[in-house]
Amino acid sequence: MNLFTKRIALLLSILVLIACNKETKIPVLSFGKTDLTAESIIPKPLETESTNQGFSLDKHTTISISEKTDDLIGLVGFLSEKIKSKTNLDISLADPEIFQKGTIIYIEKTNDLELKGEEAYELNINQDSLILSSSHASGLFRGLQTVRQIIPEKSNDTITTYKTWPIPTGKIKDKPQFEYRGFMLDVSRHFFSVEDVKKHIDLLAYYKYNYLHLHLSDDQGWRIEIKSWPLLTKVGGSTEVGGGSSGFYTQEDYVDIVNYAAKHHITIIPEIDMPGHTNAASVSYPKLNGNGKTPELYTGTRVGMSTLDTRKDEVYTFIDDVVKEISAITPGPYFHIGGDESHVTKKVDYNYFVEKVEKIVQQHGKQMIGWDEIATANISSSSISQFWRSKENVLLAVEKNMKIILSPAKKAYLDMKYDKESKYGLTWAGEIPVDTAYIWTPENYEEIPTKNILGIEAPLWSETITNLNELQYLAFPRAIGYAELGWSKRENRDWEDYKKRLANQTAFLNRMNVKYYPSSQIKWQK
Ligand code: TNX
């Protein structure tokens, strides 16, 4: 190219640029009357107001952010991926230099919100902009789940020449009532792979869970690599309920889960159950054993027959190593020591043990959680009691000014059968149909003062389930209800209203290939 043609080319490109700049906004599309308050959002937001118009999500929509930090860029990636999988639209981060002619999703970090708290968020949806605001990435992440839930399943193909997904306009102000909304998965009785756990995390995130408690050891299996005690997984992780070979997480696997959960603003809580539920540990290292029998691998489902030797120094060296190695790869604040059903540990030995282990956990920088029995020991108010069965124990914890996680078996145990038709599950705490799981008030349970309640957790013990489909059968739909109990205020919860919103989850659950229990209490939408 000579100088003259170069000049012409330059001039032409400037002309093209000017022409582009003259490009105007696409006029807002007008949809029929919408109603944001009628959307099937779960958990139900704190406050919702409708303005009855539509924001068009379509091929011209772009996303903008208030700051170019890794946090926010990560959120944009998450949202684009989810929009793509629901609508097949490619929506990405807008270049601020370039004029945006379509609707805009704006994700903003700001301290100017009326609602306080890291998980609080606001959504302002207008015809041409959808603005999501929070003071923290976790609030933005929770808000994005709401956005995902209000994108229509089907596009509107009649309003213009291209497909549009009209989102109802209005305003949502939202925050959780409890800071702790947990799910527990027992990977000991039956092992679940890293891939399965990740798939489960995807679902928990959609319903705004923020903790995943992994029950990593029990009589039947030790499931996490401890480098200084290698036989734990080699021997103790070799089988499971019903026999056959099983598995365990290497520390790398565990870190992979922790990081995947963190991307979904979910914190992992590791549990090593002790001094009971320790047969797998004692088979691996018989010197730990305290029940006087020769330990052998166990593939049955009885409980309460094993114990560590609570009066042996080596046992505490062992626990120190285990807590140290796991704590080092656990960014969250908690370490769960189990502590349940130690039927063959003398009461005095049990209390002595829990007091010593509490110190070990604290030395490794973690806060101790234990099942409700731990409150019989002389422990600090910073430790947390998880209520599963004994009101007496939980009131002891309240006396000690401890915080309580509510998992009452007769209401919140996901391993209980739904009803007579249930294929999997146990019945010792009763049958828990979908309505029973939902209709109770954690904010006012037994005589526990509300101020002591950290939140709720739904445990899924795995004696009767062996794979992801079976896990999902027991977990869904009940886990969706527990998400709402943890997040939404009592005055916003109503079974009749919830039932309809739950029925509308089918499209999502089917898209995610979730094998939920199709309870006849719900009129599932086809
Ligand atoms: C009781 S709940 C247990 C578990 C069993 C579960 C079965 C608790 C702290 N201990 O070891 O798996 O019942 O429902």
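The values are calculated or read from the model by the stated rules, or taken from the named source; none is laboratory data. Being a predicted model, the structure only gives us computed values, none of them experimental. Neighbour counts run over all protein chains shown; Cβ positions are idealised from the backbone, glycine included. Just the protein is used for accessible areas: all its heavy atoms, side chains included, with ligands, DNA and RNA removed. Shrake-Rupley method; radii C 1.70, N 1.55, O 1.52, S 1.80 Å.
Quick rundown of the values:
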| item | result |
| --- | --- |
| Test for I42: is it surrounded by 20 or more Cβ atoms within 10 Å (Cβ to Cβ), modelled with pLDDT of 95 or more, under 26 Å from the mean Cα position of the chain (by Cα) and not in a strand (DSSP E or B) | yes |
| Residues of the range 341-364 satisfying the condition of being open to solvent by less than 50 Å² (accessible area, probe 1.4 Å) and within 18 Å of K400 (Cβ to Cβ) | Y350, N351, F353, V354, V357, E358, V361 |
| Set N393, N378, N401: member being within 14 Å of the ligand (Cβ to nearest atom) and not in a strand (DSSP E or B) | N393 |
| Top-ranked residue of the range 422-459 - restricted to ones that are closer than 24 Å to T301 by Cα and open to solvent by less than 20 Å² (accessible area, probe 1.4 Å), ranked as farthest from the ligand (Cβ to nearest atom) | S422 |
| Yes/no for I337 being over 24 Å from E314 (Cβ atoms), in the same structural domain as N279 (by TED's automatic domain parsing) and touching a residue at least 24 places away in the same chain (Cβ under 8 Å) | no |
| Candidate set from the range 54-71 (those that are crowded, with 20+ Cβ neighbours inside 10 Å and out of contact with any Gly (no Cβ under 9 Å at 6 or more places or on another chain)); member that is farthest from L115 (Cα to Cα) | L57 |
| Members of the range 227-269 that are hydroxyl-bearing (S, T, Y), in contact (Cβ under 8 Å) with a residue 60 or more places away in the chain and assigned to a loop (DSSP other than H, G, I, E, B) | S228, T239 |
| Checklist (1) surrounded by fewer than 22 Cβ atoms within 10 Å (Cβ to Cβ); (2) under 21 Å from V235 (Cα atoms) applied to V315, failing item | (1) |
| Any hit, the range 460-471, residues being within 23 Å of I404 (Cβ to Cβ) and buried (at least 20 other Cβ atoms within 10 Å of the Cβ) | yes |
| Residue selected from the range 292-310 under the condition within 16 Å of the ligand (Cβ to nearest atom) and hydroxyl-bearing (S, T, Y), by the criterion most open to solvent (accessible area, probe 1.4 Å) | T301 |
| Number of the exception - K198 against (1) within 30 Å of E118 (Cβ to Cβ); (2) crowded, with 20+ Cβ neighbours inside 10 Å; (3) not small (G, A, S) | (2) |
| Where A397 falls short, out of the listed (1) modelled with pLDDT under 95; (2) within 21 Å of Q367 (Cα to Cα) | (1) |
| Neighbours by Cβ (under 7 Å, 6+ apart or cross-chain): first from the range 310-331, more than 22 Å from D253 (Cβ to Cβ); second at pLDDT below 95 and surrounded by 14 or more Cβ atoms within 10 Å (Cβ to Cβ) | none |
| Check on N289, within 16 Å of the ligand (Cβ to nearest atom), out of contact with any strand residue (DSSP E or B) (no Cβ under 7 Å at 6 or more places or on another chain), open to solvent by 10 Å² or more (accessible area, probe 1.4 Å) and not hydrophobic (A, V, I, L, M, F, W, C) | no |
| Pair list, Cβ < 6 Å and 6+ apart or interchain, from the range 204-220 residues that are in a loop (DSSP other than H, G, I, E, B) to residues that are more than 16 Å from the ligand (Cβ to nearest atom) and of a type in the set (D, E, K, R) | K208/R142; Y209/R181; N210/R181 |
| Enumeration of residues in the range 201-229 that are buried (at least 24 other Cβ atoms within 10 Å of the Cβ), away from the ligand (no atom under 14 Å from the Cβ) and polar (S, T, N, Q) | N210 |
| Per-region count, the range 366-375, residues in a helix (DSSP H, G or I) and either open to solvent by 10 Å² or more (accessible area, probe 1.4 Å) or among the acidic types (D, E) (or both) | 2 |
| Subset of the range 404-421 that is assigned to a loop (DSSP other than H, G, I, E, B) and basic (K, R) - its residue that is surrounded by the fewest Cβ atoms within 10 Å (Cβ to Cβ) | K420 |
| Only listed residue being open to solvent by less than 40 Å² (accessible area, probe 1.4 Å) and away from the ligand (no atom under 16 Å from the Cβ), chosen from V241, V258 | V258 |
| Within the range 164-180, tally of residues that are more than 30 Å from N111 (Cβ to Cβ) and open to solvent by less than 20 Å² (accessible area, probe 1.4 Å) | 2 |
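For (1) open to solvent by less than 30 Å² (accessible area, probe 1.4 Å); (2) within 18 Å of the chain's Cα centre (by Cα); (3) of a type in the set (D, E, K, R), each residue gets a yes or a no:
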{"position": "I107", "(1), (2), (3)": "yes, no, no"}
{"position": "I125", "(1), (2), (3)": "yes, no, no"}
{"position": "D128", "(1), (2), (3)": "no, no, yes"}
{"position": "F141", "(1), (2), (3)": "yes, yes, no"}
{"position": "I150", "(1), (2), (3)": "yes, no, no"}
{"position": "E153", "(1), (2), (3)": "no, no, yes"}
{"position": "T158", "(1), (2), (3)": "no, no, no"}
{"position": "Y162", "(1), (2), (3)": "no, no, no"}
{"position": "G182", "(1), (2), (3)": "yes, yes, no"}
